[in-house]
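Below is one structure; the comments refer to it alone.
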Amino acid sequence: MGVEAYKQSIPYIGLSLERATSNIPRDGYFYVLLRGEIKGKFRSLKRAQLVYKALLQESGYKPPTTDVKVDPAQETVDRYFDRLEAYWSNSHKYTRRGGKTMYRS
């Protein structure tokens, strides 16, 4: 059966939503697991995500906060280089086309 693998998890609390992984059968269903115990088996991802989100909410888990400081000057430089790279990687699309006679006076 050609089923694409899928995994969404929060290892800290042992919660995962999986399909076609080594932890569960490769039958095409989405499984919700909590600490290795199967909490549900679903045909659709949306229905599995509802149970996954409900279990996440019940657990009271809050992701750890990180204090990421952004340097506005560095962000501007990075944005400039990203635009520059995009320009040069696509510049071949905008070259003039034509034969030798196109550039004669």
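For segment 1-45, the candidate set comprises residues that are among the β-branched types (V, I, T) and outside any strand (DSSP E or B); within that set, the residue that is nearest to L56 (Cα to Cα) is I13. The set of residues in segment 1-38 being without any contact (Cβ under 8 Å) to a residue 24 or more places away in the chain and of a type in the set (D, E) consists of E4, E18, E37. Residues of segment 50-94 being of a type outside the set (D, E, K, R), in a helix (DSSP H, G or I) and within 30 Å of R35 (Cα to Cα), which ones? Correct list: L50, V51, Y52, A54, L55, L56, Q57, S59.
Considering segment 49-76, and only residues there that are over 18 Å from P11 (Cβ atoms) and among the small types (G, A, S), the residue that is modelled with the lowest pLDDT turns out to be A73.
In segment 39-51, the residues that are buried (at least 17 other Cβ atoms within 10 Å of the Cβ) form Cβ pairs under 9 Å with partners that are outside any strand (DSSP E or B) and basic (K, R), at six or more places apart or across chains, as follows: G40/R47. Within segment 11-31, the residues that satisfy the criterion of being within 19 Å of the chain's Cα centre (by Cα) and buried (at least 16 other Cβ atoms within 10 Å of the Cβ) are L15, S16, L17, E18, R19, A20, F30.
The values are calculated or read from the model by the stated rules, or taken from the named source; none is laboratory data. Because the structure is predicted, anything quoted here is derived from the model rather than measured. Here the Cβ is made from the backbone with ideal geometry for all residues, glycine too, and neighbour counts use every protein chain on show.
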